[in-house]
Each structure stands twice: as structure tokens, then as C-alpha cells.
Amino acid sequence: MAPATSGEPPGIGARLRELRRLSGLTLEGAARRAELSPAHLSRLETGHRQPSLPALLSLARVYGTTVSGLLGEAAAPADVVIRADEAPAREAGGWRYRSIGGSGRAMQALRVHVPPGTGQGELVRVHPGEEWLHVLTGRLRLFLGESEHRLAEGDSAHFDSLTPHRISAVSPGGAELLFVHTLLRSADTTLCLGATSDPGRERRHGEDA
């Protein structure tokens, strides 16, 4: 891995290592307090593994900071309420979504309408982090690796984003869902839904690939 250039913010691994040293903790001591193995914490600090949200929460508690602080993000705005009229609908690749979470956070929260018959326009995504979705109306097909899951109204799913994944609506009117995902790479904070500005980075699949 090339060294960071002057002025470039350090990666999360370097920040975790620096915070541990500032806390006066050994690798073993910090891992024990965060309920992680020393080997796992070492891989996080060297950038060989991306931290999950539970690991980030534990390490933030140990180092006396926030998840946003661990990620090197700016402090979140003081207003924690997002009004309905402050979240206008946007569209990307046939999907309609509203951002229902605050900016500058470690997670992105969206309300999404998935139109029916969008299989040919979907992307298989693979990236660090975690995702959670909850079906408000309609029915979904969720593909995780080689597995397929059917989700109906009221069903939820929570999975590791490193598992290749995609979703499609199977109900005639499409599906409405709540969607939350972590943003662990500042250079890759685009939506994990609909179109992408760099389609060469993802694989396109049909509805029954």
C-alpha cells in the first residue's frame, strides 16, 4: 500500500492505531476491552480488514470517541430531526429514494421505492460494511451470494456487504423499504442502490442470472 501523501487524511486503520497509542493501551489491552481478539484488532489497524459497525461502536467506547471520530468524519450537525419536507425524492436507475438520515454520519438511512421488473438494471454490489433493510410494502427478492431470499411486508434483512448482493421487487406495484448501510470508505459513499457513476466497477446481472 502506498504511503499517504501530504495532507491526505489517514485511513481508519491508522486512526485506530493512533487512538490506541494515545489511550496508552497495548494491542492486547484494547482488544480485551473491546471484546475483540488481538489478531482481529491487528488486522483492523493494518488495514487488512474493514471493521464492522459493532466493532466500531466497541472501539469508540474504549477510546472515548464516536464512530464518526473513528472514521475521521466531520462532526454531525446538531439538528437530529429530519422533517418529511426536507427529504425530497430523487431517482437513480429507476429507483426512487429519500435520504432520511443526517449528514456526516457513519450510516446512511434511506426510504426507497423499488419498481417492479428492474432485474436487468440491477447491480451486484460488493463493498466493506453492513446493510439492513426492512420491507414496508410489497415483496422483494434478495440475492446474497448463491442464496435467494423472499421478503414480504414486515420482513427485514441484515447482512455483511462483502457478500455479493442485489435486490429486486416481485410485486406488481414494486416495493417500499427502509434501507440503512454503513459508509466505511470515504471515496465510495455512493448509494448502494440503482445506478452508479462508474458502472465498470460493478457487475450487471439479469433477473435470473
**Fill in**
Going from the fewest other Cβ atoms within 10 Å to the most, one would list Val81, Val180, Val114, Val124 as Val81, Val124, Val180, Val114
**Fill in**
Under 5 Å from the placed amide H of Gly117, counting only residues 5+ away or on other chains, we find Ala169
**Local electrostatic count at Ala30 - Lys and Arg +1, Asp and Glu -1, tallied over other residues with Cβ under 14 Å** = +4
**Asked** All other residues with a Cβ under 15 Å from the Cβ of Ala89 taken together, and with Lys, Arg as +1 and Asp, Glu as -1, what is their net charge?
**Response** +1
**Asked** What residues have an amide H closer than 5 Å to that of Leu144, excluding those fewer than 5 places away on the same chain, when H is modeled at 1.01 Å from N in the peptide plane?
**Response** His149
**Asked** Which cross-chain or sequence-distant (5 or more) residues have an amide H under 5 Å from the amide H of Ile100, H modelled 1.01 Å from N in plane?
**Response** Ala109, Leu110, Arg111
**Prompt:** ³J(HN,Hα) across region 47-53 via Karplus (A = 6.51, B = -1.76, C = 1.60, θ = phi - 60°), whole Hz, x for Gly/Pro?
**Reply:** x, 7, 8, 8, x, 7, 4
**Asked** Going by a ≥ b ≥ c, the root eigenvalues of the Cα gyration tensor, does region 12-70 fall in the rounded group (a/c under 1.5), the prolate group (a/b larger than b/c) or the oblate group?
**Response** rounded
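Every read-out reported here was derived from the displayed coordinates using simple, explicitly stated rules and does not represent laboratory data. Only a predicted model underlies this, so the values are computations on that prediction, with no experimental measurement involved. We place every Cβ from the backbone using ideal geometry, glycine too, and count neighbours over all the protein chains shown.
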